[in-house]
Amino acid sequence: MSTTRLALIGAGIIGKTHIDRIQRHPDLELAGIADPTPAGQALADSLGVAWAAEPAALLDQVRPQGAIVATPNVAHVPVALECLSRGIPALVEKPVADTVTEARKLADAVARTGTPVLVGHHRRHNPINQRARALIADGQLGRIVSATALATFLKPDPYFDVAWRRQAGGGPILINLIHDIDMLRFLLGEVTEVQAMDSHAVRGFEVEDTAAAVLRFASGALATVVVSDATTSPWCWDMCAGEQGQYPRQDVASHQIMGTHGSLSLPDLGLWQYRGQRGWHDELSHEETRVHVADPYTRQLEHFAAVIAGQAQPLCSALDGLRTLAATLAVHDAAASGQAVQLKD
């Protein structure tokens with residue numbers, strides 16, 4: 001396999017995560033960094049790669065095979081469009097945009113240019129979720145009836161020293177719950193309706209600290225999701241799935257999916273079914289599948305390289321990213337209005 005040269009645009013926390021995975025992969029190469037900050041330039045110098053303040057300048061200088069867009073959200077679409085205009089595939093971090101209108105511009109540009117975009121919803125690349133999706137598709141659960149997802153954890157007080165994290169749009173709905181909504185879409189299909197409530201009661205900031213929502217899927221299944229960054233709790237994917245070493249691993253389930261013929265807990269892949277008579281007085285069997293551990297960020301980059309080479313279609317396309325963003329923003333809208341929000345394709 002030949003080396004895939006990738007440019008990084010935006011050298012913040014998630015950008016550095018990508019750099020780490022690229023440097024450790026024998027078939028990936030960091031071609032350069034675009035970041036307007038002195039820290040970004042210093043990082044490029046320390047790595048011995050090209051640097052530019054502006055994305056377009058870097059793209060024209062190093063002509064990478066692909067680009068990773070890890071800028072602040074508002075710049076995701078403008079930078080991705082710079083890539084597409086040069087025929088350079090882009091991996092755009094989540095959320096794909098800060099508005100559905102902007103996300104639509106990107107999806108339209110992909111359709112017009114034929115240059116692919118992969119959106120960085122990394123949980124889709126976790127073998128746990130891929131196995132769960134296969135079990136559901138294989139009919140192991142029967143018809144999906146309902147699901148629950150918990151994203152409950154505690155962000156320490158210093159986290160909120162940054163002003164935007166105390167302001168509307170900077171809270172756990174768009175930063176954290178969007179991952180769980182995309183995960184549910186990956187497993188259960190399209191969301192058609194959202195009802196929600198939020199709360200600011202713990203910290204009293206403009207931004208929410210807690211939200212609860214009910215999602216209706218096109219299949220008729222219902223899901224309840226709760227997110228809070230003000231709880232002392234182990235029930236969140238980041239702590240349960242072991243994807244990132246900075247979180248202490250917790251041996252509990254954060255997600256459950258219930259069907260007519262079986263139920264599945266995640267991330268332990270615990271499958272519950274009746275083996276004989278079926279009814280609430282009868283015995284349930286329980287088995288767990290242990291999949292191979294794999295870093296989803298590395299797998300995402302490997303998939304991106306395959307997309308660049310024309311060997312795969314994006315597992316999370318620009319249109320997928322748009323739909324996840326729309327469903328997540330609908331939680332905000334439903335909480336603000338007190339009314340159900342209908343989602344259109």
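The values are calculated or read from the model by the stated rules, or taken from the named source; none is laboratory data. Worth saying up front: this structure is predicted, and the values here are computed from it rather than measured. Positions of Cβ are generated from backbone atoms using ideal geometry, with glycine treated the same way; all protein chains shown enter the neighbour counts. When the accessible area is computed, the model is the full protein with side chains, heavy atoms only, and any ligands, DNA or RNA have been set aside. Shrake-Rupley method; radii C 1.70, N 1.55, O 1.52, S 1.80 Å.
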**OP:** May I ask you to compute the full-extension gain from Asp251 to Glu54, defined as 0.36 nm times their residue separation minus their alpha-carbon distance, rounded to one decimal in nm?
**Re:** 66.5 nm
Subject >> Relative contact order (percent, whole number), region 205-244, Cα cutoff 8 Å, 6+ residue spacing >> reply: 32
Subject >> Between region 310-345 and region 1-78, the Cα center-to-center distance that results, in Å >> reply: 27
Subject >> Degrees, to the nearest 10: 178-188 long Cα axis against longest axis of the chain >> reply: 60
**OP:** Determine the relative contact order of the chain: mean sequence separation of Cα pairs under 8 Å and six or more apart, normalised by residue count, in whole percent.
**Re:** 18
Subject >> Over 21 Å [Cα-Cα, region 87-204], rounded percent >> reply: 55
Subject >> Inter-label distance, nm, simple model (7 Å from Cα along the C-beta direction), Thr232/Ala137 >> reply: 4.3
**OP:** Quickly work out the Leu47-to-Glu287 label distance, labels modelled 7 Å from Cα along the C-beta direction, and quote it in nm with one decimal.
**Re:** 4.4
Original post:
To the nearest 0.05, how large is the calculated FRET efficiency for Thr101 and Ser219 if R₀ is 30 Å and r is the Cβ-Cβ distance?
Top reply: 0.60
Subject >> Karplus (6.51, -1.76, 1.60) ³J(HN,Hα), θ = phi - 60°, over region 31-40, in Hz, Gly and Pro reported as x >> reply: 8, x, 10, 10, 6, x, 8, x, 5, x
Original post:
Where does helix 318-337 land angle-wise versus the long Cα axis of the chain, in degrees 0 to 90, nearest 10?
Top reply: 60
**OP:** First compute the accessible area of the chain with a 1.4 Å probe, then give the percent of it belonging to carbon and sulfur atoms.
**Re:** 53
**OP:** Work out the FRET efficiency for Ala340 and Thr17 from their Cβ-Cβ distance, taking R0 = 41 Å, and round it to the nearest 0.05.
**Re:** 0.65
Subject >> Distance between region 83-140 and region 210-282 - C-alpha centres, whole angstrom >> reply: 23
**OP:** Averaging over all projection directions, find the projected area of the Cα convex hull of the chain and quote it in nm² with one decimal place.
**Re:** 18.4
**OP:** With θ set to phi - 60°, apply the Karplus curve 6.51 cos²θ - 1.76 cosθ + 1.60 along region 43-57 and write out the HN-Hα couplings as whole Hz, x wherever there is a Gly or Pro.
**Re:** 5, 4, 4, 5, 8, x, 10, 5, 9, 8, 6, 10, x, 4, 5
Original post:
Using a simple charge model, +1 on the beta-carbon of Lys and Arg, -1 on the beta-carbon of Asp and Glu, nothing else, what dipole does the chain show about its Cα centre, in debye to the nearest 20?
Top reply: 600
**OP:** Rounded to the nearest 0.05, what FRET efficiency do Trp272 and Gln167 give with R0 = 45 Å and r taken as the Cβ-Cβ distance? Could you check?
**Re:** 0.60
Subject >> Hz values of 3J(HN,Hα) by residue in region 299-313 - Karplus curve (6.51, -1.76, 1.60), Gly and Pro given as x >> reply: 4, 5, 5, 4, 5, 4, 4, 5, 5, 4, 6, x, 9, 8, 8
Original post:
Using only the Cα atoms, what convex hull volume per residue in Å³ does region 138-271 have?
Top reply: 107
Subject >> Accessible area (Å², per residue) of the chain, counting only protein heavy atoms and a probe of 1.4 Å >> reply: 45
**OP:** Could you list which residues have their amide H under 5 Å from that of Leu118, counting only those 5 or more apart in sequence or on another chain, with H placed in the peptide plane?
**Re:** Ala90, Leu91, Val92
